[in-house]
Amino acid sequence: MIKIGLIGGSGLEKLNIFENVKEIAHTTPYGAPSSTFLTGTIGRCEVYILSRHGRDHTIPPTQVNNRANIKALKQLGCQYIFATTACGSLREEIGRGDVVIADQFIDFTRLRINTFYDKFEPGRMAHTPMADPFSEPLRQLLIKGCRETGIKYHPAGTIVTIEGPRFSTRAESKMFRLLGADVINMSIAPEACLAMEEGIPYAVIALSTDYDSWKHDEEPVTWEDVLRVFNENVKNVTGLLVRVLENLE
């Protein structure tokens with residue numbers, strides 16, 4: 001049985017993709033994760049679902065205990081992690097409802113703890129390589145799943161993670177475009193860093209819900225718009241995950 005961690009973002013707190021679901025609690029040296037885990041099986045996979053912001057979305061991005069979340073998945077024996085996130089599009093061609101299988105990130109957070117190394121052990125300088133932060137084999141599985149399910153997708157893209165919880169100013173949104181970012185969110189970079197340190201392959205499904213604030217012919221993003229578009233497309237994301245997990249070997 002392959003153990004899979006699934007971190008759900010906005011709109012996926014109550015994701016139900018299997019029957020005979022069980023709920024388990026877990027603790028770590030870094031405290032409790034954001035939620036209990038819903039567990040079940042899909043194909044050959046034993047899946048552990050974690051709600052990044054809590055079941056009722058009560059945890060703001062800066063307050064998410066990313067170290068506890070990733071450590072718990074490690075302790076539970078998860079061999080791979082798939083994450084989902086709502087994101088804002090910074091490119092005309094990435095429309096609402098499109099999926100981006102990110103291959104790079106830019107970390108613009110300021111207050112997150114994105115490492116397990118509070119200190120170095122003598123003789124061990126733990127500077128983790130991060131040139132390619134997302135697992136290429138997992139990305140290819142997601143891309144294949146997008147093709148097979150007919151979801152409109154983009155096979156690569158750079159995701160910039162901002163601190164939040166506020167959205168960007170127009171100037172910031174334009175700056176991120178100039179820096180080469182394709183989509184924007186508030187969660188992924190710290191998770192990816194910690195998963196890399198723990199040696200767990202990690203990949204993300206980023207669902208575009210809005211155009212942030214760079215487009216003057218569009219209304220600036222609001223939280224209500226994010227949830228509306230995400231909820232309209234949650235079945236596509238769920239179908240993609242099920243397809244990938246059913247075929248995982």
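A few points about this structure:
- Scan the range 138-155 for residues that are surrounded by 13 or more Cβ atoms within 10 Å (Cβ to Cβ) and part of a helix (DSSP H, G or I) and the total you get is 11.
- Which listed residue is of a type in the set (Gly, Ala, Ser) and under 22 Å from GLN63 (Cα atoms), from ALA192, ALA126: ALA192
- Residues that are over 15 Å from the mean Cα position of the chain (by Cα), surrounded by 12 or more Cβ atoms within 10 Å (Cβ to Cβ) and aliphatic (A, V, I, L, M) within the range 156-178 comprise just one, MET175.
- Scanning the range 25-84 for residues that are surrounded by fewer than 18 Cβ atoms within 10 Å (Cβ to Cβ), without any contact (Cβ under 8 Å) to a residue 24 or more places away in the chain and of a type in the set (A, V, I, L, M, F, W, C) yields a single hit, ALA25.
- All of VAL204, VAL229 fail the test of being hydrophobic (A, V, I, L, M, F, W, C) and surrounded by fewer than 24 Cβ atoms within 10 Å (Cβ to Cβ), apart from VAL229.
- Of all residues in the range 1-37, those satisfying the criterion of being modelled with pLDDT under 90 and under 24 Å from ALA192 (Cβ atoms) are GLY8, GLY9, SER10, GLY11, LEU12, GLU13, LEU15, ILE17.
- PHE134 being in a loop (DSSP other than H, G, I, E, B), modelled with pLDDT under 95 and surrounded by 13 or more Cβ atoms within 10 Å (Cβ to Cβ): no
The values are calculated or read from the model by the stated rules, or taken from the named source; none is laboratory data. This one's a predicted model, so the numbers in the text were calculated from it and none came from an experiment. Neighbour counts run over all protein chains shown; Cβ positions are idealised from the backbone, glycine included.
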